[in-house]
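One structure is given below, encoded as C-alpha cells.
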Amino acid sequence: MLSPTLVTVALAAAMIGILAGVLGSFLVLRGQSLLGDVIAHASLPGVVGGFLVSGGRGFAAVLTGALVSGALAGLSVQLLRRGAGVKADAALGTVLSLFFAAGVVLLSVAQTRSGSAGLTVFLFGQAASVLRADLVPMAGVGAAVLLTVALFWKEFQLVSFDPVAARAQGLPVSALETLMTVLIAVTIVLGLALAGVVLMVALLIAPAVAARQWVRSLSAMVVLAAVLGAASGGAGAILSALGQGVATGPVMVLMACAVALASLMLAPGRGVLARAAEQRRRRRELRGTQVLAAIGGLSADHGNPAYATDKAMLDTYLGADSGATLVRLRDAGLLREAPPAAPGGATPRWELTEAGRAKLAQSSEARE
Amino acid sequence: MIDPITLMILGTGMLVALSGALVGSFLVLRGQSMAGDAISHAIVLGIVLAWMLTGAQSGPVSVIGAALAGVGAVLGAQALMRSRLLAQDAATGLVFPAMFAAGVLLINLNARNLHLDVDTVLLGEIGFVWLDTVQVFGLEVPQAAVTLAVVTLIDAIFIAAFWKELRLMAFDPGLAAALGFRPGLLGLALLVLTAVTAVAAFEAVGVVLFLAFLIVPAVTGRLVSGGVGAMIGVAVVSGLVAVGIGHWAALTWDVSIGGSMALATGLGLVVALAASPRSGLVAARIRRRSVRLEARVAVLLAHLHAHESTEAEPEECTPAALIEHLGWSMARAEAVLIAAQERGVVRREGNLLHLTEAGRALAVAEARRTERAGIR
C-alpha cells in the first residue's frame with residue numbers, strides 16, 4: 001500500500017509545505033505576494049541554464065541556476081521601478097514574462113541535448129521526479145532556511161510589520177528585506193520540482209492566508225501556516241501520485257487553495273460567515289433597543305410607566321414592521337402582551353416588564 | 001520570396017503583437033498589468049469548462065466561457081480584497097493559480113478527449129499554426145490567424161469608439177466618473193477584451209508568453225512617449241519588430257519560435273530604457289548632470305552676489321576662492337565657470353569674477369525665493 005516512492009514524495013511535499021508556509025507568511029504580510037510569482041516564473045531560465053552548464057539535472061546546479069536568475073529578476077524589477085519609473089505591476093509583469101520567455105527559449109535548446117527529458121516537469125511539477133537521493137540535500141537546505149528565520153525572528157517581525165520603526169532602531173532594513181527575499185527564492189526553488197514554476201506562488205500564499213484567519217500573533221500564524229502547508233502539500237502529492245499522469249502542482253495548489261477558501265469563509269471572528277452572523281446579531285440588537293426605547297418613550301410621554309403601546313402605532317412610529325422583534329423581546333422577558341384597550345380591539349398592545357425597564361435604563365445610561 | 005509557412009507564422013505572430021499592444025497599453029496605463037496575468041491564466045479553466053459543458057473545443061462558446069473565467073478571476077480577486085481579509089496582491093495570487101490549477105487538472109484528467117495539452121497551454125505552438133488552415137478569399141490562412149484578426153479588429157474598433165473615454169479613465173478615473181462616463185463599466189469592458197484577446201492568442205503563444213506581448217511593448221511605449229496615441233504607436237511597432245527579430249533568431253539558432261518572439265519584445269524595452277529621451281537611463285543621467293550644473297551655477301551667483309562690492313571682493317570673487325571656500329575641485333570650478341560665462345551671467349576680468357546685469361538679477365531672485373521659502 002505505502003510504496004517507498006509514495007513515502008518519498010509525501011515527505012518532500014510536506015517539507016516544501018512547511019517552508020512555503022513559514023516564508024509565505026512573511027511574503028503575505030509584506031504585501032509582496034506577486035513578487036513570489038515573479039521569482040517562481042523567473043527561475044525557469046535558471047533551472048534550464050543550470051542544466052545546460054552542468055550537463056545534468058543535479059540538485060546543486062539547478063538550485064544555483066534558479067537562485068541566480070531569481071536574483072537577476074529581483075534586480076530587474078528594482079531597475080525598472082527606481083531607474084525608469086515604471087509602475088510596480090507593470091515592472092512585475094514585464095520581468096515575469098521576459099524571464100519566462102528566456103526560459104522557454106533555453107528549454108528548446110536543452111531539449112536537443114540528451115538527458116533533458118525531465119526538464120519540463122519544472123513547468124507544472126511532477127511528484128515522481130523527486131528522487132530519494134534528493135531528500136537529504138532538500139532537508140538540509142530547508143533546515144538552513146528555517147534556522148535563518150529563527151535566528152532573525154525579531155528582526156523579520158519588525159521589518160514585516162513596521163519597516164519605518166525598524167529603520168529608526170538602526171536595523172539594516174534593506175539588507176534584511178533582501179535576506180527574506182533570498183530565503184523565499186530558496187523555498188521557491190526547492191518546491192519547483194513538485195509544484196512547478198507556474199503554480200508555486202499559490203503554495204506560498206494560500207497557507208499563510210488560511211493561517212491568518214485563525215490566529216492573531218505572527219508566531220502562531222507561521223506555525224499554523226507550516227502545518228497547513230505540510231498537510232495540503234503532502235495530501236496533494238499523494239493524491240496526484242495515485243492518479244495516472246496527473247501533474248502534482250495543480251493538486252497541491254488546489255488543496256492549499258481549498259484550505260484557504262474554507263478558512264476565509266469559516267474561521268470564527270474573521271471569517272466571512274462569522275462576520276455576517278455578527279452583523280445580523282448587531283442589527284437585531286439595534287432593532288430591539290429601538291423598539292424598547294419607543295415603548296419606553298411613549299409611556300414616559302403619557303406619564304404612565306405601565307402604559308401599553310398599540311402595535312400598529314409602534315409600526316408607524318418606527319416605519320417598519322416590528323412583529324418579529326416584539327416576539328423576540330417577549331421571549332427574552334423584556335416585554336409582555338397587554339390586553340386590548342377596548343374589548344375586541346384590533347391589534348395587540350405591548351408593555352415593558354421590569355426587566356425591560358431595567359434594560360432600557362441601562363442602555364440609555366450607556367449612551368450617556 | 002518567403003515561403004507560405006514562414007508567412008503564416010509571421011502573420012500570426014504579428015496579429016498577437018498587434019492585439020496585445022492595443023489592449024495592453026490601456027492595462028499598463030491603468031496599473032492592471034497583473035490583472036492581465038491573472039486573466040491569461042484563468043481563461044484555461046473557462047475553455048475546459050466550456051468544452052465539458054457543451055463539447056465546443058473552439059468558436060464562440062469557448063471564447064465566451066474563457067472570457068467569463070478571465071473576468072471572473074479579476075472580479076473574484078476584487079471581491080476577496082473588498083472583504084479586507086487579505087490584500088490585493090494576495091487575493092490575485094490566490095485566485096488565478098487556483099483557477100489555472102483546476103484547468104490544468106481537468107486537462108490532465110481528460111487528456112484523451114481534449115485537443116489541448118498542458119504544454120500547449122503554457123507555451124503555445126506558433127510553429128505549427130500552418131497545420132490548421134482555412135480558405136479565406138481563396139487564400140490558405142491559419143485558423144489561429146483568422147480568429148486573431150477578428151479579435152484585433154474588435155479591439156481596434158472598441159478603442160477607436162471609446163478613445164476619449166479610455167484615455168480619461170486611464171489618467172483620472174475620478175473625473176471620468178464625475179463626467180458620467182462610467183469608468184467601472186468601461187474597465188470591465190477592457191477586462192473582457194483582454195480575456196477575448198488572450199483566448200485568441202493563447203493557442204499561438206501560450207498564456208505566459210502572451211503576457212509578454214501584452215505588457216512589455218506597452219511599457220516600452222510608456223517609457224518613450226508621453227501621449228497615449230504615440231505610446232500605442234510605439235507599442236505596436238516594437239511588438240511587430242519583436243516578432244520579426246524573434247522569428248529570425250529562432251530560425252538561426254533553432255530555438256522555440258514563440259519564446260524567442262516573446263523574449264525579443266525585451267529588446268525594445270532595453271533600447272527604450274537606455275535611449276528614451278523621456279525616461280531612459282542615459283537621458284536621466286544627462287538630466288541629473290545638467291540639474292546639478294544649474295545648481296552649482298546658482299551657488300556661484302549667490303557667492304559672487306554676497307561678496308560683491310565688499311572688502312573681501314578681491315579675495316572672494318576669484319576662481320581660487322571657489323576651490324578653497326566652496327570646496328570645489330579644479331575641474332568642477334572650471335566647468336561651472338565656463339557654463340556661467342556661456343549663459344552670460346558672469347564676466348571675467350583677469351582674476352576677478354563679476355556678475356553681469358542678468359546674473360545679478362538671477363542671484364537676487366534666487367535669494368528672494370530662498371527667503372520666502374524660509375519664512376514659510
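The values are calculated or read from the model by the stated rules, or taken from the named source; none is laboratory data. If you're wondering where the values come from, they're calculated on a predicted model, not measured in any experiment. Methodologically, a virtual Cβ is constructed for each residue, glycine included, from the backbone with ideal geometry; neighbour enumeration extends over all protein chains shown. Ligands, DNA and RNA are excluded from the accessible area calculation, which covers all protein heavy atoms including side chains. Shrake-Rupley method; radii C 1.70, N 1.55, O 1.52, S 1.80 Å.
Worth a mention:
- Test item: B:30-36 mean partner chain Cβ contacts at 10 Å: 5
- Of A:D37, B:D3, B:D254, the order by accessible heavy-atom surface (1.4 Å probe, DNA, RNA and ligands excluded), from most exposed downward, is B:D254, B:D3, A:D37.
- Farthest positive-ward along the protein assembly as shown dipole, Cα basis, beta-carbon charges - from B:L293, A:T181, B:F162: A:T181
- Amide H within-cut-off set for A:W350, under 5 Å, with H built and near neighbours excluded: A:T309, A:D310, A:K311, A:A338
- Per-residue mean of foreign Cβ neighbours for B:109-116 is 1 (Cβ atoms of other chains, 10 Å radius).
- Residue-wise HN-Hα coupling along region B:233-250, computed from phi with Karplus coefficients 6.51, -1.76, 1.60 (Hz; x: Gly, Pro): x, 4, 4, 4, 4, 5, x, 5, 4, 4, 4, x, 4, x, 5, 4, 5, 5
- Ranked from largest to smallest solvent-accessible area, with a 1.4 Å probe on the protein heavy atoms, A:Y317, A:Y307 come out as A:Y317, A:Y307.
- Largest first, the residues B:T147, A:T8 sort by 1.4 Å accessible area into B:T147, A:T8.
- Within region B:278-376, the GluC sites (Glu not before Pro) that combine a DSSP coil assignment with at most 11 other C-beta atoms in a 10 angstrom radius are B:E311.
- Accessible solvent surface per residue of region A:4-267, calculated while the other protein chains remain in place, 1.4 angstrom probe, Å²: 36
- Gap separating the Cα centres of region A:171-236 and region B:24-87, nearest whole Å: 25
- Each of the peptides B:195-207, B:237-249, B:72-84 was scored by the mean count of other Cβ atoms within 10 Å over its residues; in descending order, highest first, they stand as B:195-207, B:237-249, B:72-84.
- Part-to-part distance (alpha-carbon centres) for region A:254-301 and region A:50-80, which is given in Å: 51
- With the whole protein complex present, A:T5 retains an accessible surface near 80 Å², based on a 1.4 Å probe.
- Accessible area buried between chains B and A, both sides summed, probe 1.4 Å, in Å² to nearest 100: 4100
- Hydrophobic, long helices, defined as DSSP H runs whose alpha-carbon span along the helix axis is 30 Å or greater and whose mean Kyte-Doolittle value is at least -0.5, occur in chain A at A:4-29, A:33-54, A:88-110, A:173-195, A:218-242, A:272-301.
- For region B:147-155, Karplus couplings with θ = phi - 60° (6.51, -1.76, 1.60), whole Hz, Gly/Pro x: 4, 4, 5, 4, 5, 4, 4, 4, 3
- Förster radius 45 Å - calculated FRET efficiency between B:A365 and B:R84 (Cβ-Cβ, nearest 0.05): 0.30
- Those aspartates and glutamates that a straight Cα-Cα span of less than 14 Å connects to B:K164, excepting residues fewer than 8 apart in one chain: B:D172
- With Cα atoms, 0 to 90° folded angle of helix B:281-307 axis to chain B main axis: 20
- Taken per residue, the accessible surface of chain B reaches 46 Å², heavy atoms only and a 1.4 Å probe.
- On the basis of the beta-carbon distance and an R0 of 41 Å, B:R112 and A:R113 show a calculated FRET efficiency of 0.85.
- Short-range pairs are left out: with C-alpha atoms under 8 Å and at least six residues apart, the relative contact order of region A:4-267 is 34 percent.
- The phi-based Karplus calculation (6.51 cos²θ - 1.76 cosθ + 1.60; θ = phi - 60°) puts the 3J(HN,Hα) values of region B:362-372 at 5, 5, 5, 4, 5, 4, 4, 4, 4, 4, 4 Hz, whole numbers, x for Gly and Pro.
- Loop sites by DSSP among the trypsin sites (Lys or Arg not before Pro) of chain A, restricted to those with at most 16 other Cβ atoms within 10 angstrom, leave A:217-368 as the longest stretch without any of them.
- Ignoring lysines fewer than eight residues from A:K311 along the same chain, the ones with Cα atoms less than 26 angstrom from its Cα are A:K359.
- Dipole of region A:4-267, positive end: most advanced residue of A:S108, A:V159, A:G236 [Cβ charges, Cα centre]: A:V159
- Rounded to the nearest 20 debye, dipole of region A:234-368 from Cβ charges on Lys, Arg, Asp, Glu: 360
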